[in-house]
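Report on the following structure.
The values are calculated or read from the model by the stated rules, or taken from the named source; none is laboratory data. Just so we're clear, the structure is a prediction, and the values are computed from it rather than from any experiment. Using ideal geometry, Cβ is built from the backbone for each residue, glycine included, and neighbour counts are taken over all protein chains shown.
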């Protein structure tokens, strides 16, 4: 009985300690609230930017593994109108809800939470445009950037935007909502972002699969892949990594790759002694991730066999 009671106390205080490190909060941006989730730590904070239609919870499965090794602060959030974040009731025109306003809201939220200094940016898909615009506005604050199959600013040509307009009926999207305003402003966002580029002195790791959208027309998937390959060519600050066997959501298909890449990028912010300690933790973590990946592979094969037997 004593052993059980002692063990319970250890688990209780460990759980309390873990919870005290996390902050799940709504931040007043100016008459409306945005949702931020923060795992507190020490060191350069890491901000995660989601793709179109997603909220910050999309990153939940990899955060603890990153924090376990780095010990730094991790920040996710829901853009206005997504997840638990509210829309600005003071904006009257649909065009006011564009990406420039989105960055202003992010800046306000980060400032109120006390994150006004150096930061590492992680982004997926459409979130890469937010990453790009934030870096363009704050080149001295952004230490490095990891792009996970992001929408590059030169992908959407005028021809493709016309094709998109022919295939998407905005009137069918619930209004008002973050999804509605994202789609209403989509074309102007793409035109605006074409003129903005990453500073050449900020380290960038650009991760993308061989085929992000296998069900899309080949001309589109080839354009997407070729532009990603070209993005890393002849640039000293960009490293291209092809995520073999993954789809668009690389952090779900190959979490170990993304986790270790983020840890490596964070290690560059440390001095030599701190980096050596972190890389030792990273090695242990990589072994655990490898075991988990193999276990998942076996479970998926077993599930597939069972499904085939049912048929």
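Look at residue 55 and say whether it is at pLDDT 95 or above and within 27 Å of residue 263 (Cβ to Cβ).
Spelling it out, residue 55 is indeed at pLDDT 95 or above and within 27 Å of residue 263 (Cβ to Cβ).
Is one or more of the residues making up region 181-201 closer than 26 Å to residue 58 by Cβ, surrounded by 17 or more Cβ atoms within 10 Å (Cβ to Cβ) and touching a strand residue (DSSP E or B) at 6+ places or on another chain (Cβ under 7 Å)?
Yes: one or more hits.
Taking residue 171 and the conditions (1) surrounded by 14 or more Cβ atoms within 10 Å (Cβ to Cβ); (2) part of a helix (DSSP H, G or I); (3) over 19 Å from the mean Cα position of the chain (by Cα), which numbered condition does it fall short on, given that it satisfies the others?
Failing condition for residue 171: (1).
How about region 39-54: which of its residues are surrounded by 19 or more Cβ atoms within 10 Å (Cβ to Cβ) and out of contact with any helix residue (DSSP H, G or I) (no Cβ under 6 Å at 6 or more places or on another chain)?
If the condition is that a residue be surrounded by 19 or more Cβ atoms within 10 Å (Cβ to Cβ) and out of contact with any helix residue (DSSP H, G or I) (no Cβ under 6 Å at 6 or more places or on another chain), then 44, 45, 46, 47, 54 are the ones that fit.
Mind checking which residues of region 66-77 are buried (at least 20 other Cβ atoms within 10 Å of the Cβ) and more than 15 Å from the chain's Cα centre (by Cα)?
69, 70, 72
So which helices (runs of 4 or more DSSP H) are wholly in region 182-286 and hold at least 3 residues that are free of Cβ contacts under 8 Å to residues at least 60 places away in the same chain and either over 19 Å from residue 66 (Cα atoms) or in contact with a helix residue (DSSP H, G or I) (Cβ under 8 Å, 6 or more places away or on another chain) (or both)?
Hits in region 182-286: 186-193, 218-231, 255-267.
Is region 85-92 home to any residue that is crowded, with 22+ Cβ neighbours inside 10 Å and over 15 Å from the mean Cα position of the chain (by Cα)?
Yes: region 85-92 contains one or more residues that are crowded, with 22+ Cβ neighbours inside 10 Å and over 15 Å from the mean Cα position of the chain (by Cα).
Just need a number here: residues in region 118-139 that are in a loop (DSSP other than H, G, I, E, B) and buried (at least 20 other Cβ atoms within 10 Å of the Cβ). Don't jump to the end; show me each part of the working.
At the first step, the residues of region 118-139 found to be in a loop (DSSP other than H, G, I, E, B) are 118, 125-126, 138-139.
Right, trim to buried (at least 20 other Cβ atoms within 10 Å of the Cβ) and you get 125-126.
Final tally of qualifying residues: 2.
Which condition number does residue 219 fail, the rest of (1) loosely packed, with under 15 Cβ neighbours inside 10 Å; (2) modelled with pLDDT of 95 or more; (3) out of contact with any strand residue (DSSP E or B) (no Cβ under 9 Å at 6 or more places or on another chain) being met?
(2)
Listed residues 207, 262, 258, 239; which is surrounded by 14 or more Cβ atoms within 10 Å (Cβ to Cβ), more than 20 Å from residue 59 (Cβ to Cβ), within 19 Å of the chain's Cα centre (by Cα) and at pLDDT 90 or above?
239
Keeping to region 140-152, report how many residues are crowded, with 24+ Cβ neighbours inside 10 Å and under 12 Å from residue 120 (Cα atoms).
Number of matching residues: 3.
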